[in-house]
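Here is the structure we will look at, set down as structure tokens.
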Amino acid sequence: MKKITKEKLALFWELLARRATLYLPLQEDGVVNFAPWKNGARVNLRENSLVPPKNVFFPQAETYLRFQTGAKKLQLESLEPEEEFILFGVRPCDVASFTILDKVFLEEPVDGLYAKRRRLGTLVSLGCNEPGETCFCTSFELEPAFAPGADVMVWDMGEFLLWEAQSEKGDELTAKINELLDEAAPEESASALSLRNTTAAGEAAAGCQQEWNTAGLQEVLRGKFNVELWEKLYHRCLGCGICTYLCPTCHCFDIQDFSRGLEGERFRCWDSCMFAEFTLMASGENPRPTQKERVRQRFLHKLLYFPSKYGLYACVGCGRCVRKCPVHLDITQVMEPIK
Amino acid sequence: MKQLSERIKEAAFGSLSSGQVEMVIGWQKGPLWWQSFPAFITDPGETASLIWDPFSVSNLNKYLLNEVPKKKIALFLKGCDALGFNQLLRDGRVEREKVLLFGIPCDGLVDPARVEATGLSKGLLQVKKEREELVFYYKEGQRKAPARDFYYSKCLSCRYPNPVTCDEMLGEAVPCQPLERFANVSKLEAASLEERFTYWSRHFSRCIRCFACRNVCPACSCRECIFDIAEPRWLGKAKESGETLFYHITRAYHVAGRCVDCGECARICPLGIPLAELNRKFIKDINELYGEYDAGADLDKEAPLLTFKSDDPDVSA
Amino acid sequence: MSVNLKQGPFEPLIIAFCCNWCSYAGGDLAGTGRMTYPANVRVIRVPCSSCVSSNFILRAFQRGADGVVVAGCHPGDCHYTSGNYFARRRFLLLQRFLEFLGMEPERFQVHWISASEGNRFAAVMTETTEKIRALGPNRKLRDTR
């Protein structure tokens, strides 16, 4: 295991940013989000980002086709991401969200844009030192301070960061920045393990977020399409897109054209099942006519349809929707009556 | 506050069990200290679950657009909510005789972010208000602090803590000591053009177009919103600064002269965009150019953009 | 609308929404009177200045306009009696709002031009074009695609 002292971090960012675009949790106007690091940016390694890092692999909007029409000919130009990048500071829950997005985008038919970005990106995960009030990643058998899916795992030990490569990409990155890394002493390496253990226990014992027992939830929800719960739940939903846009696993998108004159481009952009327009058909028919159907869709997609198809829940317990839903349609709570 | 929550339960129980209303909209509590949310109750037996606490911030009157009662709906209104209700009424979106309004005097509600900023949130179980103080409850005991230090900024500049309209007032009127609400607008006006552009570009660049600001707004009550229409698609879905600006200009412009300055848009924005300043710019300009007008409160005055005077200030450059 | 894509010195693109009854006729008069005004101005005829939605104005900026002019009958002379009085309030607020967001106020202008003021039409359009030329291309609100 390697380590880097915190005084060297500024230098470290600069060095990493020289290798590739460096995405870091940056704080601006009190809000932390992943963004390309620039000199003078305020890095915040204490809080998780508000918008999940999924937008680095699956941007809110991305153009993938340019077109030009003439009198007879249609010219097309495909665009795809080219830029290598390092995504540093992703929390283990969000790393787990990429496993979920991989299921959607990397199984046949493979989504070329997403696949390319996954290849271009090196994922550095930062373990959590203490669980937040709305965290419940342990409900999905995730560890707050360990992300097996990351290329490099980093732990914040106060004075220094511990650094451990976990994949080939991780080894490559380590080799490139070796000059700033020191060898960690055995007892320092051991402290990472004890951090893993205490946080895993800590979340269960935190007492803030009631631990959500998801065992058998999928089975319980089967056949619950028409239960009265949905009737009760939806009233308070405002129909905004906060929960879906802040969710690291939500992946629904829309495809739109933008054109001016004879040329234009095609892009895909996030869409949300909370919006009435989401299922509105050209005929004017809407199979999910009220917020009731939309709320039901969101919960059942995460907790029943997705696991039925892919074998895992489409939720990683990051707690963003719990924290930010203006009317507290708290996923850990609303399903309780159904059980 | 305890008293008020008892009176809310009583009012809800009374109006439901007497058959006067078929639904009561109030607030319930979730397991976390800051989770107070709108509740829709039709069974008098469930009215005991209604609460009033320092986090009952959700504005309930916009739900009237979705609920179609055969009889009446009973609703609890804070000062800011009452202004929004009046605006919905004025816009012809609710029927007064279909609603029973219980007024709640409210001198301010607590912003969970301010509690977190002080570190008081760690292990916090419950927050209660006792007169001018907040009491924070933990496993190990309790701590007290002045309540006003934790209020939403929108509450600190509130000018109508007591509902301007209701059928029955629950509780005594509270005093009002609003901060100057146009302070930030004036500060921005004094800045240079480029500073202002940078300021707003920075804030708008975070916008994720979740439409929460629109959905929560009591002045945004169109049956079909311009932002949702696919053909013509006025608002594109690309992450373009121009599109985002179009959205925010249009949102604020559409509620100009009808915005009651309840501050819900800014409170609800997950990305912390100071949206209320946009609305307040319009309010400030309207006040300066066409005379003081308080949407939701000045019911006897004509809405400023639905009228004119022949000697209005000219726009010609 | 690709004036600005051409090489060479900056030529501003100005969209003028002109009311059918006064300003558009004023523009016609400028034409029949053989008065000149810059070709940078593209006129869009509308029934009344009050029917110009903020959407039209913002969209013009998004799609590349460097300036937008709304022109209508003089207050008091509206063909529909009072349309321009409403427009006057709306556009003054919009103008101040755009300025609040950091747009140069000169980029969005409102003028009252009657059907008999062909010379005024030409003068306003010339003056506006020069003002905007001096400001340079508009980048704020503009689509980058």
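The values are calculated or read from the model by the stated rules, or taken from the named source; none is laboratory data. For clarity, every value in this text was computed on a predicted model and none was experimentally measured. Glycine gets a Cβ as well: all are built from the backbone with ideal geometry, and neighbour counts include every protein chain shown.
Within the range B:288-300, no residue that is β-branched (Val, Ile, Thr) sits with its Cβ atom under 9 Å from a residue that is surrounded by fewer than 19 Cβ atoms within 10 Å (Cβ to Cβ) at 6+ positions apart or across chains. Scoring B:Arg114 on the criteria (1) over 17 Å from B:Phe37 (Cα atoms); (2) in a loop (DSSP other than H, G, I, E, B) leaves a single failure, condition (2). Condition check: over 21 Å from B:Val255 (Cα atoms), surrounded by fewer than 20 Cβ atoms within 10 Å (Cβ to Cβ) and among the aliphatic types (A, V, I, L, M). Does B:Leu193 satisfy that? Yes.
Picking from residues in the range A:14-67 that are within 12 Å of chain B (Cβ to nearest Cβ) and of a type in the set (Val, Ile, Thr), the one that is surrounded by the fewest Cβ atoms within 10 Å (Cβ to Cβ) is A:Thr63. One residue stands out among those in the range A:309-337 that are buried (at least 23 other Cβ atoms within 10 Å of the Cβ) and away from every other protein chain (no Cβ under 13 Å): the one that is farthest from A:Arg296 (Cα to Cα), which is A:Cys318. One residue alone among B:Ala219, B:Ala256 is touching a residue at least 40 places away in the same chain (Cβ under 8 Å), in contact with a helix residue (DSSP H, G or I) (Cβ under 9 Å, 6 or more places away or on another chain), closer than 24 Å to C:Gln95 by Cα and more than 7 Å from every other protein chain (Cβ to nearest Cβ), and that residue is B:Ala219. At least 2 residues being of a type in the set (D, E, K, R) and either on the phi > 0 side of the Ramachandran plot or not assigned by TED's automatic domain parsing to the domain that holds A:Cys135 (or both) is the threshold, and among the helices (runs of 4 or more DSSP H) wholly inside the range A:256-339 those reaching it are A:291-300, A:320-324. Considered as a group, the residues in the range C:27-42 that are of a type in the set (Gly, Ala, Ser) and surrounded by fewer than 17 Cβ atoms within 10 Å (Cβ to Cβ) include one that is farthest from C:Arg90 (Cα to Cα), and that residue is C:Gly33. Only one of the listed residues (A:Asn33, A:Asn39) is in a loop (DSSP other than H, G, I, E, B) and out of contact with any strand residue (DSSP E or B) (no Cβ under 6 Å at 6 or more places or on another chain). That residue is A:Asn39.
The single condition among (1) over 17 Å from C:Met103 (Cα atoms); (2) surrounded by 19 or more Cβ atoms within 10 Å (Cβ to Cβ); (3) not charged (D, E, K, R) that B:Ala303 does not meet is (2).
Okay, residues lined up against (1) within 30 Å of B:Ala117 (Cβ to Cβ); (2) over 20 Å from the mean Cα position of the chain (by Cα); (3) in the same structural domain as A:Asp151 (by TED's automatic domain parsing):
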residue	(1), (2), (3)
A:Leu24	yes, no, yes
A:Val32	yes, no, yes
A:Pro36	yes, no, yes
A:Gly40	yes, yes, yes
A:Arg66	no, yes, yes
A:Glu82	no, yes, yes
A:Ser97	yes, no, yes
A:Asp111	no, no, yes
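Tell me yes or no: at least one residue of the range C:69-83 is within 11 Å of another protein chain (Cβ to nearest Cβ), in a loop (DSSP other than H, G, I, E, B), in contact with a helix residue (DSSP H, G or I) (Cβ under 6 Å, 6 or more places away or on another chain) and crowded, with 21+ Cβ neighbours inside 10 Å. Yes, the range C:69-83 contains at least one residue that is within 11 Å of another protein chain (Cβ to nearest Cβ), in a loop (DSSP other than H, G, I, E, B), in contact with a helix residue (DSSP H, G or I) (Cβ under 6 Å, 6 or more places away or on another chain) and crowded, with 21+ Cβ neighbours inside 10 Å. Residues in the range C:121-143 include at least one that is free of Cβ contacts under 8 Å to residues at least 60 places away in the same chain, within 21 Å of B:Trp234 (Cα to Cα) and surrounded by fewer than 21 Cβ atoms within 10 Å (Cβ to Cβ). No other residue among C:Arg45, C:Arg59, C:Arg90 is on the phi < 0 side of the Ramachandran plot, of a type in the set (D, E, K, R) and surrounded by fewer than 16 Cβ atoms within 10 Å (Cβ to Cβ) apart from C:Arg45. The residues of the range B:41-75 that are more than 14 Å from every other protein chain (Cβ to nearest Cβ) and either touching a residue at least 40 places away in the same chain (Cβ under 8 Å) or buried (at least 17 other Cβ atoms within 10 Å of the Cβ) (or both), listed by number, are B:Thr47, B:Trp52, B:Pro54, B:Lys70, B:Lys71, B:Lys72, B:Ala74.
Within the range B:135-182, the set of residues being out of contact with any Lys or Arg (no Cβ under 8 Å at 6 or more places or on another chain) and basic (Lys, Arg) comprises B:Lys139, B:Arg143, B:Lys144, B:Arg148.
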